[in-house]
1. Exactly one condition in (1) surrounded by 19 or more Cβ atoms within 10 Å (Cβ to Cβ); (2) farther than 26 Å from Thr624 by Cα; (3) without any contact (Cβ under 8 Å) to a residue 24 or more places away in the chain; (4) not basic (Lys, Arg) is not met by Leu546; state its number.
2. What about Ala467, is it out of contact with any Cys (no Cβ under 8 Å at 6 or more places or on another chain), at pLDDT below 95, open to solvent by 20 Å² or more (accessible area, probe 1.4 Å) and closer than 30 Å to Ala361 by Cβ?
3. Anything in the stretch 470-492 that is part of a strand (DSSP E or B) and either without any contact (Cβ under 8 Å) to a residue 24 or more places away in the chain or open to solvent by 40 Å² or more (accessible area, probe 1.4 Å) (or both)? List them, or say none.
4. Failed condition for Ser127, given (1) open to solvent by 100 Å² or more (accessible area, probe 1.4 Å); (2) of a type in the set (S, T, N, Q); (3) modelled with pLDDT of 90 or more, with all others met?
5. Return the residues of the stretch 502-535 that are assigned to a strand (DSSP E or B) and under 20 Å from Gly481 (Cβ atoms); say none if nothing qualifies.
6. Pro217 is checked against (1) open to solvent by 20 Å² or more (accessible area, probe 1.4 Å); (2) under 35 Å from the mean Cα position of the chain (by Cα); (3) free of Cβ contacts under 8 Å to residues at least 60 places away in the same chain and fails just one. What number does that condition carry?
7. For the stretch 234-243, indicate whether the set of residues that are in a strand (DSSP E or B) and either loosely packed, with under 15 Cβ neighbours inside 10 Å or modelled with pLDDT of 90 or more (or both) is non-empty.
8. Please verify whether Leu13 is part of a helix (DSSP H, G or I), at pLDDT 90 or above and either in contact with a strand residue (DSSP E or B) (Cβ under 7 Å, 6 or more places away or on another chain) or surrounded by 10 or more Cβ atoms within 10 Å (Cβ to Cβ) (or both), treating the condition exactly as stated.
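The values are calculated or read from the model by the stated rules, or taken from the named source; none is laboratory data. Note that the coordinates shown come from a computational prediction; the quantities given were computed from them, not determined experimentally. Please note: Cβ atoms are built from the backbone with ideal geometry, for glycine as well, and neighbour counts cover all protein chains shown. In case anyone asks, the SASA skips ligands and DNA or RNA and just uses the protein heavy atoms, side chains included. Shrake-Rupley method; radii C 1.70, N 1.55, O 1.52, S 1.80 Å.
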Amino acid sequence: MADKAQPSPEVQLYARVRLQRVVFGAFAIVLVCLFALGLSAYRTMQVERDAARLAEADALARAARARNQSVATEKAKQQTEDELSVRERELALGKCRLAMLDVRDGKIARAAALLNDARGLGLPAWSPMIERMTRDATPRFTGSEHSDAPVVAGAVSGDGRVVAIARQTGAGIIVETWNAAGGEIIAAYPAASPAPDLTSRPARLLLSHDGSAWFLPLPEISFHGSEGGITPIHIDRWPRGVPLAAVTGDASLTTVHLAAGTLIRLERNAARQWGESAVSLGEHQSGVAALCMMEGRPVVATATGIYSIGISGALISLHEFTEAPGKVALHGGAGAVFAGVLYGREVRLLALSLGDQTHLATSRHEMPDEHCEDLLFLRDDSLVWTGRSGRAFTMSFAGKREWVLGGYTLSFMERHSQGLLFGNRRGEVSVRVLDESRDLGLSRHVVPPRFTPEARGHGFVMRAPDACLFVVRGHEVQSMGELLSAELAPQGPAWREGDTLRLPGGGVSHEQGVLLGAMRDGSVLLHDSPRKLKLVTPDGVIERLLPVDRVPETVVVAAGARVTAMRIRDDVYVTDFRADPEPVGGRLEASPDLLALDATGTRLAIAYGATVLVQAVSDESTYTLRTATSPRQIALLFEGTVLVTIETGALVFYEVETGRELTRAGTEVTSIAASGTRSLNIVASNRLHELSWD
């Protein structure tokens, strides 16, 4: 076959050109399509972005609105809760005010119900006053396995928290310890035997200050008990057949003195071994009828009189008997030795001093024509005569008071925080609740006749007729000698002895200045001429400047804080010693009569006659109260929400916020001082009282 003819070069070129056009056209079309697609995607992305931005902005706006609405709702809720809380507090306050009125009207049950209604609403700071007046806090002393066994002796610890009871059982003497406040049994010690029958004669039981140890003196063998068990003590110097006349011991019961015909001293060493020794009484060696300790020295009574044993061992006559008494009781009180002497039906109560003026006073009391079972002193210096069938008389220099307690012969009586604690031969242990104990608190001491007492924040001070100063803190009494003044802190007294400043707790300082006060932490306040105020602390001396060259006329110290207020001329200044004293508001047209700080040092009361201003130390908030009469003294309690005044011999309690009188208490009240946020020291009817709402 003949070969097919090949295209000419022109045709081939034309074909290639056409192919290239087709290829480039297709490529262009692809590019255009890609561009169009990209542009469309870009525009779609822009639209979606704008939509997302709008959605985000809308979401943010909705979130902001929701947040603002939530804040507004929370704020409204908080305001509602605050308003509700205020209304609840006002309602609780109103209920508490009504409760106080019911207490005054004798509607105790209704007052207690109102107080219970107010508990969930927010009680005011002074609600413990209603608690104390409405609660039934009488301890029952039930739960003993030997409740039918006769009680032969009893005692209360120095801190008032523990009661010890001795019972006569067939196996011997059982000693029980109880919680004084609640009446729950703490421990029952095994029977101490051999033991004589004590149901027909008075017996004595000693209890340490903290209630951890007791001492039971018996003729054949005595017993000491503690957590470690019972220790029998054989006393060789106790004459056989001679009954116990009196016994006394120190706070820890490591030293005990017994009067059993003669005077015997027992001491417990570090190895818990007891040693005994006879105390020399010269010609009065036998026939000791009564015993007490006064200023660390024994005081004894014999058939001829009452004698103190001097430092050298010599006897010092305090009182001579004109005839032999039937019974004698001695007690070391606050600044004086009290003696109860029975002559037939007459009981003579004597106050004797160890100073130059030995005889202070005598009062005579006629007793019933019946047998005297016992003559003893309570721990608050009250003299007690006990007869049969629960009959008893308490005596003071102002008079006597008759009691019938339980209906059976009493084995012991003692002062309790709620009234009178007693036990009898039937085995009963009970408390007779007294209104004066509720109103004035625990009676600590009797003020000896002719003594001048004063309540302080951390105790009491008393001036004797011979100018001797005594400091009383709880049951501890300290003779300070003929000092001009002493200031009290929880650690002890502070006083100046020449150029030496004795600090609370035993420290010594040689800082110069007039002693003005003592703080709770043991620091001492001094004024050094002409304008210097010093605070002597364990860490050094803080100095502040007074605004004028003058010794403050009146100085008061907060019971629980390092804050003091002082009056200089007609102005009142306050300082917490972080800065110089600053003036506080008051009445410029009158001179203040009285000042008082609450225990925390946050509120100050200033009395101008019958008008009392109570103001916060840190700001200008002030309350004005008007009392019925010009108060003799004032005090602030319950964080400064209650003002206490002495008006015509009575304690008057005012609510600071409204100026309303809450309640009245006591008679013959002469001195008060806040000892804490909820506690008050009181001098009333020649007694030293400690009132606490804790």
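1. Condition not satisfied by Leu546: (3).
2. So Ala467 passes the test.
3. Passing the criteria: Val471, Arg473, Glu476, Val477, Gln478, Ser479, Met480, Gly481, Gly492.
4. Of (1) open to solvent by 100 Å² or more (accessible area, probe 1.4 Å); (2) of a type in the set (S, T, N, Q); (3) modelled with pLDDT of 90 or more, only one is false for Ser127: (1).
5. Kept after step one, since they are assigned to a strand (DSSP E or B), are these residues of the stretch 502-535: 502, 508-509, 514-518, 524-528, 532-535.
Hits for the stretch 502-535 are Arg502, Val508, Ser509, Val514, Leu515, Ala518, Val524.
6. (1)
7. Taking the stretch 234-243 first, the residues in a strand (DSSP E or B) are none.
No, the stretch 234-243 has no match at all.
8. Considered against the rule, which asks whether it is part of a helix (DSSP H, G or I), at pLDDT 90 or above and either in contact with a strand residue (DSSP E or B) (Cβ under 7 Å, 6 or more places away or on another chain) or surrounded by 10 or more Cβ atoms within 10 Å (Cβ to Cβ) (or both), Leu13 comes out as no.
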